[in-house]
Amino acid sequence: MPRKSPAPAGLLLVGLLLCASLALAQGDPKRGEYLSKAGGCLGCHTEAHQGAVPYAGGRALKTPFGVFYGPNITPHAQAGLGRWSEADFRRAMREGRRPDGAHYFPAFPYPSFTKISDADLRDLWAYLRSLAPDPRASRPHELKFFYRWRFLVGLWKWLFFTPGAFAADAQRSPALNRGAYLVQALGHCGECHTPRNWLGAMKKDRFLGGVKGDDGSPNLTPARLKKKSDAEVKDFLLTAMTEDGDVAAESMAEVVRNTTSQLAPQDLDALIAYLRALPPLPDEPK
């Protein structure tokens, strides 16, 4: 007896499942756009002047080791990431390596980005692939002589870098784990708010404890935040203004404009809750 053909509803279900699987494998560029805001990608990969092409590179980062320039990360075949594969992108973010295997300097914050989940990396990659290609060539770094040697970064990584995705803490609530992920991985807040040793590695025992100096950053632990209510902290992260009417320095104002003010309300709440749960660290002496 001949078999009956599958019901139309069954074929439709199979088709929908296949489409969903394909979309999942390719990533969600819309969600990736949100992740790019949470990760502050615009700030490091776009020049700081009106009319600059987003993600076309050229932003200068001045450090004790020299000046680093954010590269073009649009999908241009020659100037940007057009010839990269998703595996190349994941390797850069997770391991701090270029497609040719050379080490990236840790001015590219892969010590934090290594914690980004595979799903988020896939969506972020999908978003970057959706950008308009721009032909602007990435500007070479201007580093002091000794620090130009990329092979030395391998030794630096051996000493200070541990690759691997963020692992949720079973003792924390989902909201606290989400906040920890936003701060430690996507938001890479420690890169600016944690003091460093003479080799440029973050001092883990002073995580988010603030950096002294003219170009420093404030302590984000409860030792400082206890002076402010959640509403005050949230208002600052949305407006870059304090309750007294003071305005944040331009570097932080840009972070607020491009990143914290763009977070979904539940993510902003989770971020603040995580900061509240940190061990309080006193400010470093001047």
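The numbers here are math on the coordinates, done by the rules we state, and not lab data. This structure is a prediction, so every number in the text was calculated from the model and none was measured. With ideal geometry, Cβ positions are generated from the backbone for all residues, glycine too; neighbour counts draw on all protein chains shown.
What FRET efficiency do you get for ARG150 and ARG31 if R0 is 30 Å and r is their Cβ-Cβ distance, rounded to the nearest 0.05?
Numbers: r = 33 Å, r/R0 = 1.10.
E between ARG150 and ARG31, to the nearest 0.05, is 0.35.
Picking from LEU208, LEU152, LEU124, which is most flexible by a Gaussian network model of the chain using Cα springs under 10 Å?
Its mean-square fluctuation being the largest, the pick is LEU152.
What residue among GLN78, GLN262, GLN184 has the largest mean-square fluctuation in a Gaussian network model of the chain, using Cα springs under 10 Å?
Highest fluctuation among the options: GLN78.
Quick check on the exposure proxy: order LEU238, LEU186, LEU199 from fewest to most C-beta atoms within 10 angstrom.
LEU199, LEU238, LEU186
Rounded, prolate or oblate for the range 113-154? Axes are the square roots of the Cα gyration tensor eigenvalues, ordered a ≥ b ≥ c, and the cut-off for rounded is a/c under 1.5.
Values: a/c = 4.91, a/b = 1.48, b/c = 3.32.
Taking the square roots of the gyration eigenvalues as a ≥ b ≥ c, the range 113-154 is oblate.
Within the range 173-214, find all residues whose amide N lies under 19 Å from a label point positioned 7 Å from the Cα of LEU159 along Cα-to-beta-carbon.
Once the point is set 7 Å along Cα→Cβ of LEU159, 191, 194-207 turn out to lie under 19 Å by backbone N, inside the range 173-214.
Can you tell me the length gained on complete extension of the stretch ARG98 to LYS226, counting 0.36 nm per residue apart and subtracting the Cα distance? Provide the component values of the computation, followed by the final result.
Details: separation 128, 0.36 × 128 = 46.08 nm, distance 4.20 nm.
Computed gain between ARG98 and LYS226 is 41.9 nm.
Extending each Cα 7 Å along its Cβ direction at ASP244 and ALA264, get the distance between those two points in nm, one decimal.
Between ASP244 and ALA264, the label points sit 3.6 nm apart.
Based on the Kirkwood radius over alpha-carbon pairs, what value in µm²/s does the Stokes-Einstein equation return for the translational diffusion coefficient of the range 29-165 at 25 °C and 0.890 mPa s?
Values: Rh = 15.4 Å.
Translational D for this selection: 160 µm²/s.
Please work out which option in (1) 6, 25, 34, 22, 8, 3, 2, 1, 0; (2) 7, 31, 36, 20, 5, 1; (3) 7, 26, 31, 19, 9, 6, 2, 0 gives P(r) over Cα pairs in 10 Å bins from 0, in percent calculated from these coordinates, and answer with its label.
Read-out taken from this structure: (1).
Return the loop-located chymotrypsin sites (Phe, Trp or Tyr not before Pro) in the range 197-249 (DSSP other than H, G, I, E, B) with at most 15 other Cβ atoms within 10 Å of their own Cβ; answer none if there are none.
Working: sites: TRP198, PHE207, PHE236; in loops: TRP198, PHE207.
Passing both the DSSP loop test and the Cβ count: TRP198.
Distance in nm between label sites at ARG172 and SER130, each 7 Å beyond Cα in the beta-carbon direction?
In this crude spin-label approximation the distance works out to 2.8 nm.
Determine ³J(HN,Hα), in whole Hz, for all residues of the range 235-242 in sequence, where each value follows from phi through the Karplus function 6.51 cos²θ - 1.76 cosθ + 1.60 and θ = phi - 60°; x replaces Gly and Pro.
Using θ = phi - 60°, the values come out as 4, 5, 6, 9, 10, 6, 10, 8 Hz.
With 10 angstrom as the radius, rank MET241, MET252, MET93 by how many other C-beta atoms surround their C-beta, starting from the fewest.
Values: MET241 14, MET252 17, MET93 25.
Taking fewest neighbouring Cβ atoms as first place, the list is MET241, MET252, MET93.
Would any residue of the range 56-76 have its amide N under 19 Å from a label point 7 Å out along Cα→Cβ of LYS212? List them or say none.
Flagged as within label range: 64.
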